[in-house]
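Q: Take a look at the following structure, please.
The values are calculated or read from the model by the stated rules, or taken from the named source; none is laboratory data. Predicted model only: the values in this text are computed from it and were never measured. Don't worry about glycine lacking a Cβ; one is built from the backbone with ideal geometry, like all the others, and counts go over all protein chains shown.
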């Protein structure tokens with residue numbers, strides 16, 4: 001299954017059982033500084049499990065793709081955070097996918 005991370009978050013949030021459950025996607029300004037790592041952070045309620053899979057950056061103008069496994073970053077303010085850190089990402093426009 002390939003889906004944009006936004007689609008994945010929307011699917012999960014549709015099953016939310018409370019208005020207090022927070023879903024979100026945070027990311028650094030990818031390509032902002034080529035010498036620094038680029039992070040994609042996924043925020044899910046503590047009661048949800050991240051579906052097994054990996055984070056992909058897929059180039060919009062080319063077949064360039066980068067893949068990193070999600071690493072649990074910890075629990076903050078009632079949410080669990082997962083992070084994928086990319087290094088050496090070439091300049092360009094990318095979309096983020098969660099692939100199972």
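Q: Given the options 73, 82, name the one that is in a strand (DSSP E or B), crowded, with 17+ Cβ neighbours inside 10 Å, without any contact (Cβ under 8 Å) to a residue 60 or more places away in the chain and at negative phi.
A: Within the list 73, 82, the selection yields 82.
Q: Residue check, residue 48 against (1) within 25 Å of residue 88 (Cβ to Cβ); (2) at pLDDT 80 or above, all met but one. Which one?
A: (1)
Q: Out of all the residues in segment 45-70, which are surrounded by 15 or more Cβ atoms within 10 Å (Cβ to Cβ) and closer than 17 Å to residue 99 by Cβ?
A: Passing the criteria: 53, 55, 56, 57, 58, 59, 66, 68, 70.
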